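Presented below is the structure to which this report refers.
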Amino acid sequence: MSFFPSKTLVASALKTRSRRLAEAAASAKSDVSYPTPSLEGLTPNIYEQALREVNDHITLDESLVEKAKEAYEEVGRYLVKKLHWETNDIEIVPQGSAATQTLIRSPGRKDFDIDAVCKVNINRIEADDPIGFFETIGDALKRRYGKDVNPKNRCWNINFVGHGFYLEFTPSAPLETVSLEQRASMGLAVAFEPSYQATALGVVDNKERGWKPSNPEGFAHWVSDTAQLQLVLRQRLSEEAVAAAGVNPVPDQNVAIHDTLQTAIRLFKRHRDMCVRRNAFQSKYQPISVILVTLVTGIYKGLAKLGHTYEHPIALLTDLAELLPHMIEHRDNDEWWVANPTVEGENFAEKWNMDGGKRKDAFDSWCKLLAADLQRLLKASTPEEARKVAQEVFGTGSDQRDPDDGNMPPKPERQHPVIPVKPSNGLA
């Protein structure tokens with residue numbers, strides 16, 4: 001069971017959607033393709049090729065991702081030494097976009113963020129003093145990184161100045177080793193989705209000055225598991241995974257257009273960022289990434305459960321966009337809900353119910369703009385026209401590149417995978 005009712009929501013959305021995008025996709029020139037096969041051995045149609053080029057452009061430089069991986073591993077080693085812990089007392093794993101292979105270059109911003117979870121042995125924690133635990137981690141980080149460390153509600157922000165990235169570092173206690181009695185005393189007697197229960201965490205919430213249930217690693221597995229469902233009939237060729245036992249590397253951020261779920265998330269995130277840049281809505285009200293990822297993954301999973309299949313990735317992509325605005329739950333207490341699929345009772349859209357509707361309005365505006373821009377793309381009749389529209393929509397053309405973005409040219413179509421670096425001292 002998932003706490004996010006993907007099948008129910010998608011079945012309802014299929015009845016209420018406008019179908020304008022689906023019809024545009026059906027009548028588009030999907031038979032017009034490039035003369036040369038893609039690296040996957042498949043010949044992409046003009047829309048896929050245009051979006052492939054966008055996807056390649058927004059992929060982060062692998063050397064930066066590698067440096068970020070090394071940075072969070074170094075943070076873990078430092079904490080073990082500074083706090084006199086045993087190596088096995090701490091494990092650090094990527095979360096968020098880094099874990100779901102949806103990191104992207106944002107327009108007009110050099111730095112990107114890597115979210116990491118610091119899982120600490122409960123025996124090293126005073127369970128009745130979550131704030132003290134949070135501050136212990138922060139004090140140690142400040143001694144190493146000084147003024148570049150700043151607290152947020154649930155994490156410590158570490159700015160690696162001049163390196164092109166910063167870390168969002170979340171201290172936590174893995175609940176697998178915590179008794180049910182102790183969970184209750186910590187206020188964490190909640191249910192987790194059985195398939196991902198082993199990765200459940202207690203994280204510190206400074207606003208509420210207590211523990212909160214979380215499961216970022218389980219969430220990433222939910223996205224990854226869903227992405228394995230085959231909705232596109234053309235066979236996707238898999239790449240060989242390289243990973244050492246006990247290592248939790250940042251997943252390779254290169255994804256192909258036929259990895260439709262991750263590609264859709266990346267393209268939609270970039271489109272959202274461009275809408276902010278074009279002042280369609282304010283950044284503080286934009287749909288946050290975890291909501292976007294949950295909704296798109298939920299649609300993908302719901303379509304799979306309902307037996308839907310597609311001849312081309314572009315047809316699936318347009319359905320994901322068209323169903324998106326219908327996936328928000330409006331519950332009986334007049335609240336908007338986007339449920340965490342792995343943790344009972346967590347609402348990713350909680351802030352939507354506290355701002356007079358501004359976030360919901362921004363989400364609705366974005367969905368309309370996304371559908372309209374994809375329709376523009378589907379009206380293209382030549383490869384050149386499709387490329388031009390895609391570059392305008394996603395802000396990737398040479399005439400749209402920001403001055404501070406000029407040192408990062410469009411990436412080649414595919415890169416060699418990042419080989420995970422095994423950290424020393426047994427740290428993940």
How much length is gained on full extension from Ala372 to Glu86, taking 0.36 nm per residue of separation minus their Cα-Cα distance? 97.5 nm
Here, Glu311 and Asp111, labelled 7 Å along Cα→Cβ, have an inter-label distance in nm of 4.8
Lysines whose Cα lies under 21 Å from that of Lys284, excluding same-chain neighbours fewer than 8 positions away: Lys110, Lys152, Lys207, Lys269, Lys351, Lys358, Lys360, Lys368
Rounded to a whole number, what % of the accessible area of segment 298-394 do carbon and sulfur atoms account for, probe 1.4 Å? 46
Tensor-based shape of segment 256-314 (alpha-carbon gyration tensor, a/c under 1.5 rounded, otherwise prolate or oblate): prolate
Along the positive direction of the dipole of segment 276-342 (beta-carbon charges: Lys, Arg +1; Asp, Glu -1; about the Cα centre), which of Ala321, Gln282, Leu295 reaches farthest? Gln282
Calculated from backbone phi, Karplus (6.51, -1.76, 1.60) coupling profile of segment 185-195 in Hz, x at Gly/Pro: 5, 8, x, 10, 7, 10, 8, 10, 4, x, 5
Can you give me the distance in nm between label points at Glu62 and Glu126, each placed 7 Å from the Cα along the Cα-to-Cβ direction? 4.7
Could you please state how large a percent of the accessible area of segment 108-242 is carbon and sulfur, counting protein chains only and using a 1.4 Å probe? 46
Which residues in segment 308-324 place their backbone N less than 16 Å from a point set 7 Å from the Cα of Gln230 along the Cα-to-Cβ direction? 308-313
Subtract the Cα-Cα distance of Ala280 and Asp364 from 0.36 nm times their separation in residues, and report this length gain in nm to one decimal. 29.1 nm
Within straight cross-link reach of Lys301, meaning Cα distance under 12 Å, which aspartates and glutamates are found once same-chain residues fewer than 8 apart are removed? Asp225
Might you report the magnitude of the Cβ-based charge dipole of segment 300-388 about its Cα centre, with Lys and Arg at +1 and Asp and Glu at -1, to the nearest 20 debye? 380
How much length, in nm to one decimal, is gained on full extension between Val190 and Thr8, taken as 0.36 nm per residue of separation minus their Cα-Cα distance? 63.2 nm
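The values are calculated or read from the model by the stated rules, or taken from the named source; none is laboratory data. Just so it is clear, the structure is predicted and the values come from calculations on it, not from any experiment. Cβ: placed from backbone, ideal geometry, glycine included. Neighbour counts: every protein chain shown. Just the protein is used for accessible areas: all its heavy atoms, side chains included, with ligands, DNA and RNA removed. Shrake-Rupley method; radii C 1.70, N 1.55, O 1.52, S 1.80 Å.
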